[in-house]
Amino acid sequence: MLSHIDDLSSNSNQEIVEYYIQKAYQRAKIKQQDFIPSLGYKANLQIMHQFYYYYQEMYLLDPRFLWMGLARLTGGQVLWGMTNLIKIAKDPCVMSIGIVQIAKDIFEKMAWQHELFLDNYPLLIAVLKNMDFQPKPSFSFAEIWQDIKNGKPYQVANANLSLLFNEQNYTIQHHYEIIRADNYSRKYLFLTRFTMRQIHPYHHRFIADVPLKDVTLMRYRWQWISHKNGMWNTWVNLPEAERTRLIQLNNQEIMSHNWL
């Protein structure tokens, strides 16, 4: 763990990334060593709740963090879905472990970038340009953050959409493939196309937009997210005051779709 922010420029990319991962955990009031996905959902429930409050705090620090705001509301569906899943499925199982691992991976791959953006934007760009991402994301993280920093509102929105695509395709999808390959978990995946609800109140449930398709497949999930009246466009076209109001709801209100 690095001792002082002034030392960062002389350290390796990995040391800088780790510093800001730990800074994000500290802001979220989570001890990284306590977060153990292999124990399943119930064992990590409080940490999962804290993640989504972290995303809330980060969006409120900078409303350009549109990805953070949507991730905060997505937490309501994750928490609601998993709370109901473990009523009928064992926990831990491949599916419950996988969903918790997804949450951890998203946090550790995305939070440090937002933290470093707030602290030292030039250093963020330098680190991102020198990192060897495996697999290589479809959209350059350095270019994404340059647009968020310097772009017009539509460029900021498109840059956040690119963050979302990278998250969905490179952080999430391979976990879904592991879940899909597990015989026990696969029978519960069938239910997701019916139970995947609205992430926010201004778009439709998955089954209404992509009838009877599989939300665990990227092409259908992305169609639901990105079509003209889908999750993303309706989100970024909201007045900022309404986005902020929704983000400020507590986890229980979001889980129960108590939007008012």
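Coordinate-derived values only; no laboratory data. Given the structure is predicted, the values throughout are model-derived calculations rather than measurements. Note that each Cβ is placed from the backbone with ideal geometry, even for glycine, and that neighbours are counted across all protein chains shown.
With a Förster radius of 25 Å, plug the Cβ-Cβ distance of R180 and S38 into 1/(1 + (r/R0)^6) and report the FRET value to the nearest 0.05.
Computed FRET efficiency for R180 and S38 comes out at 0.85.
As an exercise, take the mean of 1/r over every pair of distinct alpha carbons in the chain, invert it, and state the Kirkwood radius in angstroms.
Kirkwood hydrodynamic radius for the chain: 18.9 Å.
Which one of H114, H175, H227 has the biggest mean-square fluctuation once the chain is modelled by GNM with Cα springs under 10 Å?
The residue that fluctuates most here is H227.
Suppose R0 equals 25 Å; then what is the FRET efficiency for N11 and E57 from their Cβ-Cβ distance, rounded to the nearest 0.05? Walk me through the numbers on the way to the answer.
Numbers: r = 26 Å, r/R0 = 1.05.
So the FRET efficiency works out to roughly 0.45.
Please work out how much length the chain gains when fully extended from F190 to E253, using 0.36 nm per residue of separation minus the C-alpha to C-alpha distance, in nm with one decimal.
So the extension gain works out to 20.0 nm.
For H227 and I88, what is the calculated FRET efficiency with R₀ set at 35 Å and r taken between the beta-carbons, to the nearest 0.05?
0.65
Relative contact order for the chain: what percent, with Cα pairs under 8 Å and sequence separation of 6 or more?
Value for the chain: 22 percent.
Using just the helices of the chain, give the 222 nm mean residue ellipticity in deg cm²/dmol: DSSP H runs with n ≥ 4 each add -39,500 (n - 2.57), and the total is spread over all residues, rounded to 500. All intermediate terms of the calculation are to be shown ahead of the outcome.
On the way: 14 runs with 166 residues, N = 260.
It lands at -20000 deg cm²/dmol.
Can you tell which of Q168, Q223, Q134 shows the greatest fluctuation in a Gaussian network model of the chain with Cα springs below 10 Å?
Comparing Q168, Q223, Q134 in the GNM, the peak value goes to Q134.
Which helices, taking whole DSSP H runs in the chain, have alpha carbons extending 27 angstrom or more along the helix axis plus mean Kyte-Doolittle at least -0.5?
66-85, 94-119
On a C-alpha basis, how far is the centre of the stretch 39-91 from the centre of the stretch 241-260 in Å? Whole number, if you could?
Value for the Cα centre distance between the two parts: 13 Å.
Quick one: what Rg and Dmax do you get for the stretch 22-144 from the alpha carbons, in Å?
Using the Cα atoms of the stretch 22-144, the pair Rg, Dmax is 15.5, 49 Å.
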